[in-house]
């Protein structure tokens, strides 16, 4: 019985370690939150009414955004706004909302990669 309890405790600990796995940091190279979606890492950076999605590789280094498209849904209090993203340089997509995005707003990204694979992630 003691061996069973030890084995169960080790399995639980290992499961928690896997669940907490991150790709080095929860912050990207520009200080934004990083998530996985559509086969890449993305970094969300908010500034005023601007939304920037930086495309990153597995090592959180800038990767080409060529062929990517997407939009974000911004929810803050009772306000909802969908912002279309357009290419902004070689490694990012950017869009602008009607008003400044408040701290604590929930941002949902829908992203499509050049191969046609799409995904959704919440920040």
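Please treat every number below as a calculation from the coordinates, not as lab data. The structure presented is a predicted model; accordingly, all values stated were derived computationally and were not measured.
Give me the distance between the Cα centres of region 87-123 and region 32-83, rounded to whole Å.
Between the Cα centres of region 87-123 and region 32-83 lies a distance of 4 Å.
Taking N as the number of residues in region 26-122, what is its Cα Rg relative to 2.2 N^0.38 Å?
For region 26-122, the normalised Cα radius of gyration comes out at 0.99.
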